[in-house]
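One structure below.
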Amino acid sequence: MVADPQDASDSLAEVLAERFAGKHLRVGTRVSPMAMAQAEMVKAMIRRRVPGVDVELVGVETSADLWPGDLHELGGKGNFTKEIDKRLVGGDIDLAVHCLKDVPGDVPLPEGTVMAAYLARDDVHDIAVFPADSKFTRLDELPIGAVIGTSSVRRRAQLAKWRPDVRIEPCRGNVNNRLKALDANGKFAALIIARAGLGRIGMADRPHQVLPTEDQDGQGGLSIVPAVGAGVIALQARSADAPVMLLAEVFNDPDTAECVTAERVMLHALMGHCNSPIAGYAVHASDGQLGLKGLVFNQDGSDFVQAAAWHRDPVELGSMVGSDLLRQGAGELITATKK
């Protein structure tokens, strides 16, 4: 006998109605405009699925949001999540919404919490955005010495490999503020940001150059391999909170989950920190196999190692690629970036 999807939906609604009787389901998020937009999207998804449950967004100001300098000086990407982790572990929120690429791969999640769902992956491409009054529309048009803004060591290394003649300088802050600065201060000839992020803040129609994830002509042209977890929104919950875990499972995308599992197993094997130029991107093939490409660079992109493999098991695939990179000297490159 085939289960009726409506029965499953009604059952979930009943479980959640009992769990949150007289109170809100509290969803925690960073307070940047993009993070709030992502959380609003999750809130809308929950309300569509279980309209009887009241959802409250809880904005959490994180250390990384307040810090003006390089993240490694503060202690790494964990500063995007640690305050939210505390709220989740302490029961102040019931569900946390994260950009997965901001969740560190070299430290475990807090005890008692899990990534309960990965939403369907968005666009993984990085893009170049130019000042509103710029005559340039492509990075290869920029003159020698032009200043490109990005605080990502992964982007910086790959850009420097292709255009060692430009200056690449940090540009921190939320996407909205970075774009305002780009248009107003004249310092940067271009910014490199995530295409998905531009869409999430309602600016997808702003002109930009999409940067390919692979060298298109095989001649060493520009390509930017994405960050591990790029384009993925993850939902974190307490593993003992069965009703919330059931809710999150509804939104989990199995294909995305397999891809990010492979990527993050590789990242964990490398024990990369926030200052490590590590790229990794997994995709499904038509025959059901999963492919993963991983790269580790030095800071200026002049030295790098890369590995790729195919496998049906995402954990095995991530381990294979991570081990291959370490055999080629990835560990030494990562250690050198800890300065």
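List of remarks:
- Answer residue from region 135-166, given it is aliphatic (A, V, I, L, M) and within 23 Å of the chain's Cα centre (by Cα) and is surrounded by the most Cβ atoms within 10 Å (Cβ to Cβ) among those: 157
- Here the condition is being touching a residue at least 40 places away in the same chain (Cβ under 8 Å), surrounded by 16 or more Cβ atoms within 10 Å (Cβ to Cβ) and assigned by TED's automatic domain parsing to the domain that holds residue 27; of 248, 279, 269, it holds for 248 alone.
- So residue 181, is it in a loop (DSSP other than H, G, I, E, B), modelled with pLDDT under 90, small (Gly, Ala, Ser) and surrounded by fewer than 19 Cβ atoms within 10 Å (Cβ to Cβ): no
- Selection from region 150-171 of residues that are in contact (Cβ under 8 Å) with a residue 24 or more places away in the chain and among the hydrophobic types (A, V, I, L, M, F, W, C): 153, 157, 159, 160, 162, 166
- Applying the set (1) more than 30 Å from residue 43 (Cα to Cα); (2) of a type in the set (Ser, Thr, Tyr); (3) in contact with a strand residue (DSSP E or B) (Cβ under 7 Å, 6 or more places away or on another chain) to residue 134 leaves exactly one unmet item: (3).
- Any hit, region 221-230, residues being among the polar types (S, T, N, Q) and assigned by TED's automatic domain parsing to the domain that holds residue 92: no
- Residue 169 meets each of the listed conditions (1) modelled with pLDDT of 90 or more; (2) crowded, with 20+ Cβ neighbours inside 10 Å; (3) not assigned by TED's automatic domain parsing to the domain that holds residue 110 apart from (2).
- Count of residues meeting criterion [within 19 Å of residue 202 (Cβ to Cβ) and under 23 Å from the mean Cα position of the chain (by Cα)] in region 182-191: 2
- Residue list for region 172-209, filter: hydrophobic (A, V, I, L, M, F, W, C) and free of Cβ contacts under 8 Å to residues at least 60 places away in the same chain: 179, 181, 182, 184, 188, 189, 203, 204
- Out of 147, 124, sole residue that is in contact (Cβ under 8 Å) with a residue 60 or more places away in the chain and over 23 Å from residue 336 (Cβ atoms): 124
- Residue within region 316-336 that is of a type in the set (A, V, I, L, M, F, W, C) and touching a Ser or Thr at 6+ places or on another chain (Cβ under 6 Å) present: yes
The values are calculated or read from the model by the stated rules, or taken from the named source; none is laboratory data. Predicted model only: the values in this text are computed from it and were never measured. Positions of Cβ are backbone-derived with ideal geometry, glycine not excepted, and every protein chain shown enters the neighbour counts.
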